[in-house]
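The values are calculated or read from the model by the stated rules, or taken from the named source; none is laboratory data. Treat the numbers as computed from the prediction; the structure is a model and nothing was measured. Cβ atoms come from the backbone with ideal geometry, glycine included; neighbour counts cover every protein chain shown. To get the accessible areas, we keep the full protein, side chains included, count just its heavy atoms, and leave off ligands, DNA and RNA. Shrake-Rupley method; radii C 1.70, N 1.55, O 1.52, S 1.80 Å.
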Amino acid sequence: MPLSAPRGARRRKLRRRADMPLLGGARPPIAALLALLLLVAGATALVLGDHDRTAVDKAVLSSQQRVAEDGALALRASLDESVTDLQRAAALFAGPEAVPADTVLDKLGKVYNKWRGLAVIDPAGGSLLAARGETIPLADALTDKADKSGKSGAGDGAPAPRLVKLPSGDTRMLVTAALRGGDKPRLLVASGTLNVPGISTGENRSLLVVDSAGTVLAKDGPSIARTAWAKRAAKTAAAAFTKTPEPGGHPGASGNLMGGTDKHRTAVGYAAAGRAPGETSPAGGLGLSVVTSVKVTEDAKAVRTQAFGLVAAAVLLLLAVLVTWVLVRTVQRPLIGLYLESRRLGRGELDRPVRAFRGREPARIGAALESLRGQLLGGRPTRTGRARGGIGTRTTVIVCGVVLLAWAAPLLLLLNRAGSGVTVPKQLVEDQRRRTDTAADRVRKALNEGWADVASVAQIVGAGGGKEEADAGSATKAVLQTTLREHPRYRSVYVLDADGKVLTRAGAAPRHPGGRKPYADSVAQLNTSGKEPAVAAYAAVPGGKGRTVVGEYDPQFLISMVTRPGLGQVWLVDDKHRVIAADRQHGFRAFSKLPGSHLDDLVTKARKDTNGTALLHRADGGSSLAAAASFTGGGAVRDLNWQVVSEQPASWLELPEYTAQRHTMLAGLLGVTAAVACLGWLHIIVVRPLRKLADQAEALAGGDRKTVLFPQHHDEAGAVVRNLELIRQQLRTAERPPAGRN
């Protein structure tokens, strides 16, 4: 018998614990906190590893990939522009009567100088009707080859653009457009040189343009074609051409690789001049890729953070165990004890006193339960349950949170800071300059191409001068509307007379200064203040008695020209350093000043250097790479004196010091998230209901028999509320007078 009683008590205790709710309450948030802190400790030990030379190589490699992407984008844009220019020019000669072939070529030759050869041929018999410049292989021009998408890309039944090899070994791109007019169909054919993109090379950098077979079609810089890794880069770029580009990234496959030996390393970047899914690009189907390479001359410094990561992880492990132990002892166990005691009283087991609890809320509830036990035995309501001693549960949770934040906050805000003394490889500074120079060349070419389009329109307008005034006006209006529809770079196109009066227009209202005569053939800046800049291309009408065709550029077109990923903030500024356009990500206020005197000094210095200039600017807030490049090469923009300026914080680069800083901040952020989420969960689910439960238990012990107690959650606190409701009902039944008694 003495042995059976303790065994029976143990069985009853196990059954009572089995009745406890397993979902909700204090156990899930405490268990989740421990699990998350263990994961954060493991992640801290893993991500805060040592960063050796390969980390610096990664930053240089990423930069070369960006350079190749810029080159591929410039190459594709240049080839696409050649295709669309020829097609639009051919469309402008459409009419009921056929324009003589020699007249077509003469007018195109006065406007465009990009093509090495021009010809008009009869597609039916293959005969040559007129030609200018170098000899065009007619057999290739008449061969109908579709691009890789299965579309010709030329439209109007003309063969698609293609690459051909001349007997001299040079590569040409043939572009064909249909000449409509008259009874017989004709084809306008142009051959253009396949040049490397406008990226400055120098002694250490090489540029290649390769086809889909990896054959080098054009090159610039030191010869690298004989090295094994250079051939591998060309084949890799060709193989990657068919890969689907990443959404929102470069419109074509791109990548990088490292070649050479440990002492003589070469960083290679490649990018396909392709097109994104659904994008229209005649040149995007030619299978071209750009490969750039540069010698890595600097040895990287290793950054040691492995020991720091292990120590931080070990400290977090100790804190996780400590905090879990405290929460289990002060929150979870008292809740389970209160549940067992309240259940015992609810079942009528009143033989022993309610045990004492530590902590303010558990002590208050325990004292109230002891008072209720006395009342169930026949005693009177008492206030003895209002015990206030001990530390509150909310205070315990707050202290645990402060302890965890004391570990996470320094990692997030203070430790492993890179500072301003980080060594930035010279190659990255040079790449910033080259990419800025490429951006300036891209804007310059786009503006010049826009002027050439306007000049071709002026040629067509001049050709209609012999018609009657009404017919000439309607024809000019139709040409302007067609030009505006097919050229998204313009916001409006119009014709001015010799005094600057608008004769006819298409699109938005002209912003040419009233009363001012038209500018000479050029691209001009029309204002220096206002909400948005006004820039226009002016082309005089041949024999038009002072008439001029004007095409105003859309400000969004200028913004798109200077928007390039991985270049930081980019600005297009005029000769007074006023901002004309900026990249989409950061925005700008028209005609504002550059944000920093160092940028103004850089712009002034860049005007004296045709290849642009760059610097590594160090300030209290950190280092940054800045570069500026002026428009070079002349053309219609020769009088603008514009520049492209870029600045990128060094902390954006993939250098080991900044990588270690970001990983340290990530570990701190994860620690803060785990602590706030789990302890906040515990406060909402346990602490607040426990404080309310203490008030309810004291009110019941003080004699409140009318308030019905409803559990809010199926957890420990809810179980105690249910037991208190059973006790309330028992007390109310016991206090009710017998039936029939006054």
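Does A230 satisfy the criteria of being modelled with pLDDT under 75 and in a helix (DSSP H, G or I)?
Here the answer is yes, as A230 does meet what is asked.
Please go through segment 398-412 and pick out each residue that is surrounded by fewer than 21 Cβ atoms within 10 Å (Cβ to Cβ) and over 11 Å from T664 (Cα atoms).
Residues satisfying the conditions are I398, V399, G401, V402, V403, L405, A406.
Any idea which residue in segment 91-102 is surrounded by the most Cβ atoms within 10 Å (Cβ to Cβ), counting only those that are in contact with a helix residue (DSSP H, G or I) (Cβ under 8 Å, 6 or more places away or on another chain) and in a helix (DSSP H, G or I)? This residue is L92. The residue list A667, A650, A660 contains one member that is closer than 30 Å to A582 by Cβ, touching a Ser or Thr at 6+ places or on another chain (Cβ under 9 Å) and surrounded by 19 or more Cβ atoms within 10 Å (Cβ to Cβ), which is A650.
Do we have any residue at all in segment 523-538 that's polar (S, T, N, Q), over 19 Å from V637 (Cα atoms) and surrounded by 15 or more Cβ atoms within 10 Å (Cβ to Cβ)? Taking every residue of segment 523-538 in turn, none turns out to be polar (S, T, N, Q), over 19 Å from V637 (Cα atoms) and surrounded by 15 or more Cβ atoms within 10 Å (Cβ to Cβ). E361 satisfies every condition listed in (1) under 19 Å from H683 (Cα atoms); (2) part of a helix (DSSP H, G or I); (3) open to solvent by 10 Å² or more (accessible area, probe 1.4 Å); (4) of a type in the set (D, E, K, R) except (3). Scanning segment 689-737 for residues that are under 60 Å from the mean Cα position of the chain (by Cα) and aliphatic (A, V, I, L, M) gives L690, L693, A694, A697, A699, V708, L709, A717, A719, V720, V721, L724. Residues in segment 107-123 that are touching a residue at least 12 places away in the same chain (Cβ under 8 Å) and within 19 Å of A539 (Cα to Cα): K107, L108, G109, K110, V111, Y112, K114. With respect to being of a type in the set (A, V, I, L, M), part of a helix (DSSP H, G or I), in contact (Cβ under 8 Å) with a residue 60 or more places away in the chain and in contact with a strand residue (DSSP E or B) (Cβ under 7 Å, 6 or more places away or on another chain), A439 fits the description.
So is V550 part of a strand (DSSP E or B) and either of a type in the set (D, E) or under 24 Å from the mean Cα position of the chain (by Cα) (or both) or not? No; evaluated as a whole, the condition is false for this residue.
Check whether at least one residue in segment 554-577 is without any contact (Cβ under 8 Å) to a residue 40 or more places away in the chain, surrounded by fewer than 20 Cβ atoms within 10 Å (Cβ to Cβ) and in a loop (DSSP other than H, G, I, E, B), and report yes or no. Looking for residues that are without any contact (Cβ under 8 Å) to a residue 40 or more places away in the chain, surrounded by fewer than 20 Cβ atoms within 10 Å (Cβ to Cβ) and in a loop (DSSP other than H, G, I, E, B), one finds at least one in segment 554-577, hence yes. In the set (1) assigned to a strand (DSSP E or B); (2) of a type in the set (A, V, I, L, M, F, W, C); (3) modelled with pLDDT under 90, the condition left unmet by A418 is number (1). Taken over segment 681-725, the criterion of being open to solvent by 10 Å² or more (accessible area, probe 1.4 Å) and among the β-branched types (V, I, T) is satisfied by I684, I685, T707, V708, V721.
Within segment 111-158, the set of residues being touching a helix residue (DSSP H, G or I) at 6+ places or on another chain (Cβ under 7 Å), over 21 Å from E449 (Cβ atoms) and modelled with pLDDT of 75 or more comprises V120, I121, P123, G126, L128, L129, A130.
Do we find that R383 is surrounded by fewer than 17 Cβ atoms within 10 Å (Cβ to Cβ), touching a helix residue (DSSP H, G or I) at 6+ places or on another chain (Cβ under 9 Å) and either more than 30 Å from L599 (Cβ to Cβ) or modelled with pLDDT under 85 (or both) in this structure? Yes: the conditions hold for R383.
Here is a yes/no grid of residues against (1) at pLDDT 90 or above; (2) closer than 30 Å to W451 by Cα; (3) among the acidic types (D, E):
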position	(1), (2), (3)
H577	yes, yes, no
I580	yes, yes, no
R584	no, yes, no
F588	no, yes, no
G622	no, no, no
G633	no, yes, no
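Cβ-Cβ distances below 8 Å connect the following pairs, each with a first residue in segment 285-307 that is at pLDDT below 70, a second residue that is open to solvent by less than 20 Å² (accessible area, probe 1.4 Å) and assigned to a loop (DSSP other than H, G, I, E, B), and a separation of six or more residues or different chains: E298/P425; A300/P425. Taking segment 497-522 as the range and being open to solvent by less than 40 Å² (accessible area, probe 1.4 Å) and more than 43 Å from the chain's Cα centre (by Cα) as the test, the residues that pass are D497, G500. Residue count for segment 359-380 satisfying the condition of being in contact with a Gly (Cβ under 6 Å, 6 or more places away or on another chain) and under 20 Å from P689 (Cα atoms): 5.
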